[in-house]
Ligand SMILES: Cc1cc2nc3c(=O)[nH]c(=O)nc-3n(C[C@H](O)[C@H](O)[C@H](O)COP(=O)(O)OP(=O)(O)OC[C@H]3O[C@@H](n4cnc5c(N)ncnc54)[C@H](O)[C@@H]3O)c2cc1C
C-alpha cells in the first residue's frame, strides 16, 4: 500500500539539478603538505599554516607534470538530486568515488520528473561522438513537454495501481522511467572530481574536448563552482593545464 496515496499521486516536473556540498575537508594546502613530504618529511605539515598563494607554482607544477596523488588528500561529499539517466552516467565513474542512493525497494518513489527547460537544445545533428545540438522549433518544444508529462503521469499511475494492489515496491518500480528524479550522496576528492569534470563538462580551456550529455554537465558545473571556492589554486591550475586530471 502507498504511505499516503493522496499526496504521492500528484506529479511535479523539474528542469534543474540539485547539488549541495554537505561535508568537506578540502583546501589547496592539503595538496601542498602532501607533495612536500617528498622533500621535507614530517615538517611538510607546517605548510598548513602558510599562505597557499605562495605555493601556486608547486600546484601548477604537480598538475602540469601529472603528479596526481597529492590531489587525493581531501574529501568532498555532495548531495545530488537528478534524473536516473544522469545517475546511470555518473556511476560509471568508479575510481575515487563513493555513492549511496535512495532505495526504490525500501521507500515509495516520489513523482518528480525531468522536463527540459526551453534553453535545452533539443535537436541533434552530426555523427556519434561529434554531435552538435541546435534549438528545437516551438512545436518540438511543446511536443516534448506534453509527451513527457503525459507519459510520466501514466507511468506513475501504473506504479501506484500496483502498490495499492499490494505489489512490492521493488517490482512495481519497473514501470517508472529514467526521467524520474533520484537522490544520492557522492563523495570524491579533487583528483577524481577533476577526472569527472574533464569528461562531463565542456570548456574553452579543455585540451581534449568531451561531448557530455547536457544534464550531467549541469550537475558537473554546479559541483565545479563549489569545489572552486574550496580549492581556487588547484582549480586555476586544472584550467591552465587543459582540464586533464593529473
Ligand atoms: C561523452 C561520453 C560518452 C560516453 N558514452 C558511453 C557509451 O556509449 N557507452 C558506455 O558504456 N559508456 C560511455 N561512457 C562512459 C565512459 O566509457 C566511462 O565509463 C566513464 O566516462 C567513466 O570514465 P573512467 O572509466 O575514466 O572513470 P573511472 O571509472 O573513475 O576510472 C578512472 C581511471 O581509472 C583507470 N581505470 C579504472 N578502471 C580501470 C580498469 N578496469 N582497467 C584499467 N584502468 C582502469 C582509468 O585510467 C580511468 O580513466 C561515455 C562517457 C563520456 C564522457
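Where a number appears in this text, it was derived from the coordinates with a stated rule and is not lab data. Here the structure is a predicted model, which means the values were calculated and not measured. Every residue, glycine among them, receives a Cβ derived from its backbone with ideal geometry; neighbour counts consider all protein chains shown.
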Completion exercise
Per the helix-only model, the chain has a calculated mean residue ellipticity at 222 nm (DSSP H runs of ≥4, -39500 (n - 2.57) each, divided over all residues, rounded to the nearest 500) of -12500 deg cm²/dmol
Completion exercise
Distance in nm between residue 221 and residue 207 label points, each 7 Å along Cα→Cβ, equals 2.5 nm
Problem - Cα-projected label distance for residue 79 with residue 118, points at 7 Å along beta-carbon direction, nm - result: 3.1 nm
Fill in the blank from the handout: With R₀ set to 35 angstrom, the calculated FRET efficiency between the beta-carbons of residue 39 and residue 89, to the nearest 0.05, is 0.30
Problem - Per-selection metrics, the range 73-180 (Cα): Rg and Dmax in Å - result: 17.4, 51
Completion exercise
Taking 0.36 nm per residue of separation between residue 178 and residue 147 and subtracting their Cα-Cα distance, the length gained on full extension comes to 9.7 nm
Handout entry: Inter-probe distance in nm under a simple model that places probes 7 Å from Cα toward Cβ, at residue 244 and residue 171
Key = 5.3 nm
Handout entry: Packing-based ranking, highest mean first, of 196-206, 86-96, 179-189 given that Cβ atoms within 10 Å are counted
Key = 179-189, 196-206, 86-96
Completion exercise
With Cα coordinates, the longest principal axis of the chain makes an angle with the long axis of helix 28-40, in degrees rounded to 10, of 40 degrees
Problem - Principal axis dimensions, largest first and in whole angstrom, of the range 190-244 by Cα - result: 27, 21, 18
Exercise for the section: Please identify, among 112, 153, 208, the residue showing maximal mean-square fluctuation in a Gaussian network model of the chain using a 10 angstrom Cα cutoff. Expected result: 208
Exercise for the section: Based solely on C-alpha atoms, express the radius of gyration and the Dmax of the range 115-246 in angstrom. Expected result: 19.4, 58
Exercise for the section: Report, please, the projected area of the range 58-100 averaged over directions, based on the convex hull of its C-alpha atoms, in nm². Expected result: 4.1 nm²
Practice task
Whole Å is fine, so just give me how far the alpha carbon centre of the range 138-197 lies from that of the range 68-83.
Solution key: 24 Å
Exercise for the section: Give me the Debye-computed log₁₀ of I(q)/I(0) at q = 0.11, 0.13, 0.15 Å⁻¹ for the chain, equal point scatterers on Cα only, no solvent, two decimals. Expected result: -0.70, -0.88, -1.05
Fill in the blank from the handout: So the angle from the long Cα axis of helix 214-230 to the longest Cα principal axis of the chain, reported in degrees to the nearest 10, equals 40 degrees
Exercise for the section: Sketch the reach of a paramagnetic label on residue 131 as a point 7 Å from Cα along Cα-to-Cβ, and name the residues of the range 193-220 whose backbone nitrogen lies under 13 Å away. Expected result: 211-217
Practice task
Quote the relative contact order of the range 103-246 in percent (integer), defining contacts as alpha-carbon pairs under 8 Å separated by 6+ residues.
Solution key: 21 percent
Practice task
Please identify, among 68, 220, 57, the residue showing maximal mean-square fluctuation in a Gaussian network model of the chain using a 10 angstrom Cα cutoff.
Solution key: 57
Exercise for the section: Quote the relative contact order of the range 183-226 in percent (integer), defining contacts as alpha-carbon pairs under 8 Å separated by 6+ residues. Expected result: 31 percent
